[in-house]
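Worksheet: one structure, shown below.
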Amino acid sequence: MSTQREVDEAEIRRQVHKIVEGLRAKDLEGLKRPYAKDVVSFDVEPPLQHVGLEAKLKNWANVFLVFESVTYEVRDLTLAVGDDVAFGHAFARLSGTLKDGAATSGMWVRVTYGFRKIDGDWLIAHDQVSVPIDIQSGRAVLDLEPSP
């Protein structure tokens, strides 16, 4: 029999998988499900923060403006789960075919998730996406890959 922690962790993993599925299907409605209405997102594109579900969905809608087909991959998701809050971190890569027909392998980013259990559902209340920078040049380092 599973412990409550194991059940909660499995549910959180399903929430992250909903993002993968929603992006691959280019389904904005489906992408609403894993996020809290008041989600705060520190995404890679300006501004410094995006507040609320509509702001987060606008970021994903921008992806659909650029990509004809989307592949989204999450690797090495690690979770720490409490009674009503949890956090996790992973690597993620957005790739696919651009609107002009060019294929792109995308880039790996670092993702941190903050979850809250709201009305019995684990929802993403905060996420942060980042890329490493070279301090001397001030430029993003976009060609790194997670260890195998």
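Hey, could you check region 18-42 for residues that are in a helix (DSSP H, G or I) and free of Cβ contacts under 8 Å to residues at least 24 places away in the same chain and say which is farthest from the chain's Cα centre (by Cα)? If you could, list the steps in order and put the result at the bottom.
Initial filter on region 18-42 (in a helix (DSSP H, G or I)): 18-24, 28-32.
Okay, now just the ones that are also free of Cβ contacts under 8 Å to residues at least 24 places away in the same chain, so 18, 21, 29-30.
Numbers: Lys18: 10, Glu21: 11, Glu29: 16, Gly30: 14 Å.
Among those that are in a helix (DSSP H, G or I) and free of Cβ contacts under 8 Å to residues at least 24 places away in the same chain, it is Glu29.
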If we ask which residues in region 14-39 are over 22 Å from Phe67 (Cβ atoms) and either open to solvent by 40 Å² or more (accessible area, probe 1.4 Å) or basic (Lys, Arg) (or both), their number turns out to be 3
Filter region 63-97 down to residues that are open to solvent by 40 Å² or more (accessible area, probe 1.4 Å), over 14 Å from the mean Cα position of the chain (by Cα) and either touching a residue at least 60 places away in the same chain (Cβ under 8 Å) or farther than 21 Å from Ala125 by Cβ (or both), then give me how many there are.
-> 5
Hey, does region 49-62 have a residue that's open to solvent by 20 Å² or more (accessible area, probe 1.4 Å) and β-branched (Val, Ile, Thr)?
-> yes
Considering each of Glu11, Glu6 in turn, give the residue that is in a helix (DSSP H, G or I), open to solvent by 70 Å² or more (accessible area, probe 1.4 Å) and either within 15 Å of Ile124 (Cβ to Cβ) or among the acidic types (Asp, Glu) (or both).
-> Glu6
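Consider Arg110 carefully, then state whether it is under 22 Å from Pro146 (Cβ atoms), more than 11 Å from the chain's Cα centre (by Cα) and among the charged types (D, E, K, R).
Numbers: under 22 Å from Pro146 (Cβ atoms): yes; more than 11 Å from the chain's Cα centre (by Cα): no; among the charged types (D, E, K, R): yes.
So Arg110 does not fit the description; no.
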For Asp134, the lone unmet condition from (1) under 26 Å from Leu48 (Cβ atoms); (2) touching a residue at least 24 places away in the same chain (Cβ under 8 Å) is (2)
If you take the residues of region 119-144 that are farther than 29 Å from Asp8 by Cα and of a type in the set (Asp, Glu), which of them is least open to solvent (accessible area, probe 1.4 Å)?
-> Asp134
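Which is modelled with pLDDT under 95 and in contact with a strand residue (DSSP E or B) (Cβ under 8 Å, 6 or more places away or on another chain), of Val20, Val44, Val85? Outline the logic, then answer.
Details: Val20 fails: modelled with pLDDT under 95; Val85 fails: modelled with pLDDT under 95.
On inspection, the qualifying residue turns out to be Val44.
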Do the conditions hold for Trp108, that is, is it buried (at least 18 other Cβ atoms within 10 Å of the Cβ), farther than 18 Å from Lys26 by Cα and not small (Gly, Ala, Ser)?
-> yes
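The values are calculated or read from the model by the stated rules, or taken from the named source; none is laboratory data. On a predicted model such as this, the values are computed, not experimentally measured, just so you know. A quick note on method: Cβ atoms are made from the backbone with ideal geometry, for glycine too, and the neighbour counts reach across all protein chains shown. Side chains are part of the model used for accessible areas, which takes the heavy atoms of the whole protein and leaves out ligands, DNA and RNA. Shrake-Rupley method; radii C 1.70, N 1.55, O 1.52, S 1.80 Å.
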